[in-house]
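Any read-out appearing in this document is the output of simple, stated calculations on the displayed coordinates, not a laboratory observation. What you see is a predicted model; the values in this text were computed from it and never measured. Cβ sites come from the backbone with ideal geometry, for glycine too, and all protein chains shown count toward neighbours.
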Amino acid sequence: MILNRTRSQTLRAHAPEKPYGHDTYWNRLGREIVGVGGPVGLEEPPTRSVIALTTKEQIGHTVEVVPGIYRVVDVDALARMNSKVPDAEVLTPDDLNLYVGYAGWTAGQLEGELANGFWTLAAASDVFIQDCMFKFSMDTVIGPDGKRIPMDPHGKNAWNSMRSSLGM
């Protein structure tokens, strides 16, 4: 798993084409601060990619990517279901870490980048990821205008915590 830094923009700013109607699940998701998962899938719709990670397993809605970290299989389907039955929300926006885009490599490309020292490779448990990354990277406060403001907008605290934990 490659974890990227957060951005200080909302999902609505990154993916304005989503159905952000009044009192919908997408409307609530649209106020969340998102990370940029990588350069692939940032293009205009329909190729734009919205990815949601969570620490809560939800049978039928999530798949485990590393122990204790789950990817929402279909964010659109989750939003449709939660908009129709809001009292039975399966995963609330607060349960999710949202990303727009993802990173992808051709066969052998990532191995080459690792061999050339472009990446730091380290073993990480689910507890490590949750403690070092999720703890800092998506923390927000509500500003005077009611908008969410990231406490660590560029992920510096998260990265410093992770590097320190790895002895770097």
Note to self: C-alpha centroids of the stretch 8-32 and the stretch 55-73 sit apart, in Å, by 22 Å
Can you tell me the length gained on complete extension of the stretch Asp23 to Asp74, counting 0.36 nm per residue apart and subtracting the Cα distance? 16.3 nm
Can you give the net charge of the other residues whose Cβ lies under 10 Å from the Cβ of Trp105, counting K and R as +1 and D and E as -1? -2
Hey, can you grab everything whose amide H is under 5 Å from the amide H of Gly35? Only 5+ residues off in sequence or another chain; H modelled, so Pro and N-termini drop out. Arg7, Leu98, Tyr99, Val100
Can you order the peptides 51-59, 16-24 by their average number of other Cβ atoms within 10 Å per residue, highest first? 51-59, 16-24
Given 106-112, 63-69, 37-43, the highest-first ranking by average Cβ count within 10 Å works out to 37-43, 63-69, 106-112
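Provide the FRET efficiency to the nearest 0.05 for the Ala115-Gln9 pair, computing r from the beta carbons and using R0 = 35 Å.
0.55
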